[in-house]
1. Does any residue of segment A:361-368 turn out to be within 15 Å of A:Leu297 (Cβ to Cβ), within 14 Å of chain B (Cβ to nearest Cβ) and among the hydrophobic types (A, V, I, L, M, F, W, C)?
2. From (1) over 10 Å from the mean Cα position of the chain (by Cα); (2) free of Cβ contacts under 8 Å to residues at least 40 places away in the same chain, pick out the condition that doesn't hold for B:His86.
3. Is it the case, given these coordinates, that A:Val320 is outside any loop (DSSP other than H, G, I, E, B), surrounded by 23 or more Cβ atoms within 10 Å (Cβ to Cβ) and of a type outside the set (S, T, N, Q)?
4. For the subset of segment A:403-435 comprising residues that are free of Cβ contacts under 8 Å to residues at least 60 places away in the same chain and small (Gly, Ala, Ser), which member is nearest to A:Glu316 (Cα to Cα)?
5. Which members of segment A:205-237 meet the condition of being aliphatic (A, V, I, L, M), touching a Lys or Arg at 6+ places or on another chain (Cβ under 8 Å), part of a loop (DSSP other than H, G, I, E, B) and closer than 22 Å to A:Arg318 by Cα?
6. Could you tell me how many of the residues in segment B:3-36 are of a type in the set (Ser, Thr, Tyr) and touching a residue at least 40 places away in the same chain (Cβ under 8 Å)?
7. Residues in segment A:296-321 that are of a type outside the set (Val, Ile, Thr), out of contact with any His (no Cβ under 6 Å at 6 or more places or on another chain) and in contact (Cβ under 8 Å) with a residue 40 or more places away in the chain: how many?
8. Determine whether segment A:316-325 contains at least one residue that is in contact with a helix residue (DSSP H, G or I) (Cβ under 6 Å, 6 or more places away or on another chain) and within 14 Å of chain B (Cβ to nearest Cβ).
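The values are calculated or read from the model by the stated rules, or taken from the named source; none is laboratory data. Not measured: the values here are computed from a predicted model. Neighbour counts run over all protein chains shown; Cβ positions are idealised from the backbone, glycine included.
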Amino acid sequence: MCAHCTVRTGTLAGVEVLPVDVEIDIGPGLPSFAIVGLPDTAVQEARERVRSAVRAAGYDLPNARIVVNLSPGPLKKHGTGFDLPIAIGLLVATKQIPAHPFEFVTAVGELSLDGRIRPIPGLLAHAMMARKNGCSLLASREADHYVSLNGVAYCGIESLAELRSGLPVAHSRVTTHDRTPKHAVDFSEVVGQDGAVRALVAAAAGAHNVLMIGPPGAGKTMLARRLPTILPPLGEEERLESALIHSVAGLDDTDVLSGARPFRAPHHTASTAGLIGGGSPPRPGEASLAHNGVLFLDEMPEFGPATLQSLRQPIEDRLVTLVRAEGRLSFPASFSLVGAANPCPCGHHGDTGRACRCPASTVERYRSRIGGPLMDRIDMVCEVWRPPPALIVANRHGTTSAKLRDQVSAARERAARRSTTATSKMSGAELISACSMSGSVTSDLEMIANHHHLSGRGVIRLLRVARTLADVDEKDCVRSDDLAEAIGYRCGTVS
Amino acid sequence: MSGATRFEIGLDDPRYPAQLKDTPDPPKRLYGFGQISALRPGLAVIGARKATPYGLSAATMFAGWAAKASYPIVSGGAVGCDQAAHRAALAHEGTTVAVMAGGADIAYPSGAGALLDAVAVNGAVISEQPWGTRPARWMFRRRNRIIAGLSMAVLVVEAGLPSGTFSTADDALAAGRDVLAVPGSILSPESRGSNRLISQGATIITDVTDLRLALAPLLGEPHDEVHIPGTVISESSDSLLTALRANPMRADDAAVALGTDVITITRRFGLLEAQGMLKRYSDGRYGPA
């Protein structure tokens, strides 16, 4: 007995799936089952799962020499997604199921010992690869909702046994997502934090990185969690990019696909690999999961210094590049950084009615933990103070998220009308002309810059924030008020 | 701490400062470098480490005037008011003495090395601890009696409650020295200590004339008329400025006090600060510059 078969599948590399052909050869010799082509342990273990699943689904396993080759050979293959293509290849080669339905099919899935098919992480990436190559995707039926991508022909099967009668009809999905994502929280729950809310609106409108400083319990985390509710919903492209990263990381991507901006809040014990990505095979980190959304670092000075500094490159390049012995991988990481910090280790420096017990030098050291280069990339620092208890007891409501979201959208539209370049990416000359300041405003700018000894970069950063503030206030020209407010958001960290 | 000549003087040394010898518990031996002649009777200017711009400007103003009047300025070299006093004395080419808690050759706080070197050029850096002694907590209280003993009057520019500055004031009283204090806002926790001293009988110092009247009987009339600008307070019709002059406030508190919104206040703060009218404190409050 001599038989061959080739089945298409793929393996994850970053957020991309590279096509892999599974070649099966069943030939004479001592009965054996070997997988070659740089498989990792998970792929090697496919042998046992395939053996049991094939029998459990009522098929026979040939008593012959089975060789599975994963091609291209030099590419490392990992994951459990090869179970299904290997099983299909075996069954086609032994003529237990017909060959022709699988000609334009990419199969991927993990087998359970009773022959059922389980979903694997990164199905969305597999679906995109299938779409690109004009194939339909054969995978677990459980994962139906994961692969909600327009133009993908998707076959969901529950068990290997279903393949006996050929392939179920692939259906192309045309999904329409709800445009306005639902949020469980709302800005109206925030009381007495007008200054901080204003800063967050500006941060949302101008995609500025912002750091909130304040005593514990003042509402920094509460404010940050509400930031996604005022961001405009994700665009079509952005949804796909963000969902892809979620899918690769094995996380639920339904919220992202419905347009909600990602909000990631890693704990301050996060490792560098956890924050920017890494591991073997390299997985996206929190910075990439926050792509097109918000990366919230609570208790920012408590993060490991090296971990924190590793964010500098992604903030600048808007993507994470991991360089490993096997090669380079890039994960997109265009996020807005929102930090929260206590003013000092005890948390009460400047707090009304609470004495700070920290020596001046400790306060200084605590603040310097974030580090100059990273602070340089944070455009706005706003203070969040404990609101007076009377305001909280009065149970009044603040401005709703819907209203603030309108402000943000209007400001973004105004900025887009003015220039195709985003304010946060403008060069100095472009920015100065975009601000269209009058003579007296320019002299105020000079006065502020002189007083605070601002560097060239400091002036640019000030103007960026001022431009956004004017956009939020629906003004064409930057006024002295905007400059004064913008310098107020430097909070003693002026440089 | 190189360059300057080191000296060691025992209690029976004729160069030992007489006014210090008179105190109840004079140090047995003084280690130091710089000019021994700087250890003549002077004015101690002390205050909190966590000083506000108010305390710093009071220290700068009064120490500057006294240095120009050729009174030696004695202080402890600590961050905040102490260093402001040393700096003001140096700026007016006066004599200033830093009394260290640890060994005189150990720069403490660690960032003060350059300042102490400058102090030793015309003044002195001294300690009762032998060379190379690392400062320990108990030494600071002991050190305070030397600051009080070297000077004829102790001026407290800003002190909260509780405060180490109080122990120097106690030592001053024990040695029979005058205690002078600069009043602050009754609402400011940073001035609570100096206000308490005044209520307990310390001489109130509100301008250089007060200081001159207090010091003349102790240290002699200054050599010539000394004018230090900055003692004249300009009148202001601005309600925000007036409010902040009485009591430095954060933007949110100022908004409540003036019945306006916090964004308006943030803008006013930004412009007034750039105009040099206001200054931001490290804890987020704004006060007069």
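1. No, there is no match, as no residue in segment A:361-368 is within 15 Å of A:Leu297 (Cβ to Cβ), within 14 Å of chain B (Cβ to nearest Cβ) and among the hydrophobic types (A, V, I, L, M, F, W, C).
2. The number of the failed condition is (1).
3. On the way: outside any loop (DSSP other than H, G, I, E, B): yes; surrounded by 23 or more Cβ atoms within 10 Å (Cβ to Cβ): yes; of a type outside the set (S, T, N, Q): yes.
Yes; evaluated as a whole, the condition is true for this residue.
4. Looking at the filtered set, the residue picked out is A:Ser427.
5. Those that are aliphatic (A, V, I, L, M), touching a Lys or Arg at 6+ places or on another chain (Cβ under 8 Å), part of a loop (DSSP other than H, G, I, E, B) and closer than 22 Å to A:Arg318 by Cα: A:Leu231, A:Leu234.
6. 2
7. 11
8. No: zero hits.
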